[in-house]
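A short write-up of the structure that comes next.
The values are calculated or read from the model by the stated rules, or taken from the named source; none is laboratory data. None of the values given here were measured: they were computed from a predicted structure. Glycine gets a Cβ as well: all are built from the backbone with ideal geometry, and neighbour counts include every protein chain shown. Each accessible area value is taken on the protein alone, full model and side chains, heavy atoms only, with ligands, DNA and RNA left out. Shrake-Rupley method; radii C 1.70, N 1.55, O 1.52, S 1.80 Å.
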Amino acid sequence: EAAAAKVSRELAKDNLPLVAIVNNAGVSPGLPVEYESLSKVQSTFEVNVFGIYRMCQAFLPHLRRSQGRIVNVGSVAGTICRPLKSV
């Protein structure tokens, strides 16, 4: 949130449009569900789901004004089932 506020201030200061954001963060814990801690899984969702959501919320007003774009970069890891992976 602090970083988003800083970007917003810099854009306003120089009167620049925000034309795009690229959501490219992602983490993948590697343990079977019986060994992976719930806090690690929650942390994974914080990055992979809620991080993208927060980015979109923070910058959508700028993107609407400039008719900008949101680019979400994913991974095949989200579409296949891997043996012994909890998330």
Count - residues of region 36-52 that are open to solvent by 50 Å² or more (accessible area, probe 1.4 Å) and in a loop (DSSP other than H, G, I, E, B): 1
Pick from region 20-30, criterion among the aliphatic types (A, V, I, L, M) and exposed (fewer than 15 other Cβ atoms within 10 Å of the Cβ), ranking: nearest to the chain's Cα centre (by Cα): Ala25
Count - residues of region 60-77 that are open to solvent by less than 90 Å² (accessible area, probe 1.4 Å), in contact with a strand residue (DSSP E or B) (Cβ under 7 Å, 6 or more places away or on another chain) and modelled with pLDDT of 95 or more: 4
Flag for Val33 being in a loop (DSSP other than H, G, I, E, B) and exposed (fewer than 15 other Cβ atoms within 10 Å of the Cβ): yes
Any pair with Cβ under 7 angstrom, 6 or more apart, that starts in region 62-84 at a residue that is within 30 Å of Asp14 (Cβ to Cβ) and ends at one that is of a type in the set (Ser, Thr, Tyr) and part of a loop (DSSP other than H, G, I, E, B): none
Residues of region 53-79 satisfying the condition of being in contact with a Leu (Cβ under 9 Å, 6 or more places away or on another chain) and not in a helix (DSSP H, G or I): Gly68, Arg69, Ile70
Residues located in region 3-17, provided they are of a type outside the set (Asp, Glu) and surrounded by 10 or more Cβ atoms within 10 Å (Cβ to Cβ): Ala4, Ala5, Lys6, Val7, Ser8, Arg9, Leu11, Ala12, Leu16, Pro17
Test: Gln57 is closer than 27 Å to Leu16 by Cα, among the polar types (S, T, N, Q), open to solvent by 50 Å² or more (accessible area, probe 1.4 Å) and under 17 Å from the mean Cα position of the chain (by Cα): yes
